[in-house]
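I have placed the structure first, in the form of structure tokens, so that the comments after it can refer back to it.
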Amino acid sequence: MKLGKFEIAILSDGTLALDGGQMFGVVPKALWERKLPADARNRVRLGLNCLLVRTGTDNVLIETGIGDKFEPKFTDIYGIEKSTTLLAELKKRGLEPADITTVINTHLHFDHCGWNTRIDNGRVVATFPRAQYFIQEGEWDHALHPTERDAASYRIDFFRPAELQTEFLQGDQEIMPGIRVEVMPGHTRNMQCVWIESEGECACFVSDLVPTSAHLAYPWIMAYDLYPLETLANKHRLLPRLVERNALVVFPHDAQTPCVRLHDEDGKIVAEPVVATS
Ligand SMILES: [Zn+2]
């Protein structure tokens, strides 16, 4: 897809299945299962969407999926299915890992930074040898010392081996002309969304503030969120801006409609799927 002078593409790293109750917090199953039906283990199928931005000079990767460094038990619990992988999707577009110049993670949960690293001859190394990685410093510190409540969401080997290539951010910042991050606390204290802007057009990777199109309704907030009332406040802050700017909105975990534009219909935010033409 074109976005001004940039080219953008949503790349899938496969899918995973998470407990529906955890995905929808206080919303009863009677309501959420109409949007996302549950499997026999009460899990809903979710995408692992990453966004590639080609600016002409840089190849920027926003999120790196779930990767391949997990044991069979983990694969089973999280229902990981790999009909494709991020690296295969890059290859299809003529890109090798060494062609990626920039990696931006919104946060370091294992389903967002899996391919930050890979196993090479038994050692875990940075997957993208020439890339500069960007993360909020507060998220990095928290990922190394999570609480008992969210420890299961972090895998240190998924991000720490790339530490020497990592630049730590403090708050909202421009990464390069046309690409900037904005901190949106709620899911974690320092999660960031990523804005891409070129020639008046704009896209936003909203990360787990709105993981799927089923989470557009303001109170539909995941049980995983550490600060759900801040998620609520930030949804009220962000969604009207996305409507106003007619932004392309990219969801991290929507397997069916990863990319939409939003409209306000009498106070209700509704999504109109954008069909990718890449
Ligand atoms: Zn997350």
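In this entry, THR102 passes the filter for residues that are in contact (Cβ under 8 Å) with a residue 60 or more places away in the chain, over 18 Å from GLY186 (Cβ atoms) and surrounded by 21 or more Cβ atoms within 10 Å (Cβ to Cβ).
Results for (1) away from the ligand (no atom under 16 Å from the Cβ); (2) modelled with pLDDT under 95; (3) under 22 Å from LEU48 (Cα atoms), shown as yes or no for each residue.
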site: SER207; (1), (2), (3): no, no, yes
site: LEU216; (1), (2), (3): yes, no, yes
site: ILE221; (1), (2), (3): no, no, yes
site: LYS268; (1), (2), (3): yes, yes, no
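Inspect all residues belonging to segment 230-246 and state whether any of them is over 19 Å from ILE179 (Cα atoms), touching a residue at least 60 places away in the same chain (Cβ under 8 Å) and open to solvent by less than 10 Å² (accessible area, probe 1.4 Å). No, segment 230-246 has no match at all.
Are any residues in segment 150-166 out of contact with any strand residue (DSSP E or B) (no Cβ under 9 Å at 6 or more places or on another chain) and more than 13 Å from the ligand (Cβ to nearest atom), and if so, which ones?
ALA151, ILE156
Quick one: would you say PRO252 is under 16 Å from the mean Cα position of the chain (by Cα) and surrounded by 14 or more Cβ atoms within 10 Å (Cβ to Cβ)? Taking the combined requirement at face value, the residue satisfies it.
Output the residues belonging to segment 50-65 that are of a type in the set (D, E, K, R) and either open to solvent by less than 10 Å² (accessible area, probe 1.4 Å) or out of contact with any Lys or Arg (no Cβ under 9 Å at 6 or more places or on another chain) (or both). Within segment 50-65, ASP58, GLU63 meet the criteria.
Go over the candidates ASP68, ASP39 one by one and state the one that is surrounded by 16 or more Cβ atoms within 10 Å (Cβ to Cβ) and assigned to a loop (DSSP other than H, G, I, E, B).
Values: ASP39 fails: surrounded by 16 or more Cβ atoms within 10 Å (Cβ to Cβ).
So the residue among ASP68, ASP39 that is surrounded by 16 or more Cβ atoms within 10 Å (Cβ to Cβ) and assigned to a loop (DSSP other than H, G, I, E, B) is ASP68.
Select from segment 173-199 the residues that are open to solvent by 10 Å² or more (accessible area, probe 1.4 Å) and either more than 24 Å from GLY56 (Cβ to Cβ) or hydrophobic (A, V, I, L, M, F, W, C) (or both) and write down the one among them that is farthest from the ligand (Cβ to nearest atom). Among residues in segment 173-199 that are open to solvent by 10 Å² or more (accessible area, probe 1.4 Å) and either more than 24 Å from GLY56 (Cβ to Cβ) or hydrophobic (A, V, I, L, M, F, W, C) (or both), the one farthest from the ligand (Cβ to nearest atom) is MET176. Within segment 131-150, the set of residues being open to solvent by 20 Å² or more (accessible area, probe 1.4 Å) and assigned to a loop (DSSP other than H, G, I, E, B) comprises HIS145, PRO146, THR147, GLU148, ARG149. The sole residue among GLY122, GLY94, GLY47, GLY114 that is under 30 Å from GLY4 (Cα atoms), open to solvent by 10 Å² or more (accessible area, probe 1.4 Å) and either more than 16 Å from the ligand (Cβ to nearest atom) or in contact (Cβ under 8 Å) with a residue 60 or more places away in the chain (or both) is GLY94. In segment 233-266, which residues are within 16 Å of the ligand (Cβ to nearest atom) and among the acidic types (Asp, Glu)? Passing the criteria: only ASP254.
Taking segment 15-36 as the search range and keeping residues that are of a type in the set (Val, Ile, Thr) and out of contact with any strand residue (DSSP E or B) (no Cβ under 9 Å at 6 or more places or on another chain), which one is surrounded by the most Cβ atoms within 10 Å (Cβ to Cβ)?
Out of the qualifying residues, it is VAL27.
For every residue, the table says whether it meets (1) part of a helix (DSSP H, G or I); (2) under 26 Å from VAL103 (Cα atoms).
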| residue | (1), (2) |
| --- | --- |
| CYS193 | no, yes |
| ALA217 | no, no |
| MET222 | no, yes |
| ASP225 | no, yes |
| LEU238 | yes, yes |
| VAL249 | no, yes |
| ALA255 | no, yes |
| ILE269 | no, no |
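Considering only residues that are open to solvent by 10 Å² or more (accessible area, probe 1.4 Å) and part of a loop (DSSP other than H, G, I, E, B), which ones fall in segment 151-172? If the condition is that a residue be open to solvent by 10 Å² or more (accessible area, probe 1.4 Å) and part of a loop (DSSP other than H, G, I, E, B), then TYR154, ARG155, GLN170, GLY171, ASP172 are the ones that fit.
The values are calculated or read from the model by the stated rules, or taken from the named source; none is laboratory data. Predicted model, so just to flag it, every value in this text is computed and none were measured. Cβ coordinates were reconstructed from backbone atoms using ideal geometry, including for glycine residues, and neighbour counts include every protein chain displayed. For the accessible areas, the whole protein counts, side chains as well, though only heavy atoms, and no ligand, DNA or RNA atoms are used. Shrake-Rupley method; radii C 1.70, N 1.55, O 1.52, S 1.80 Å.
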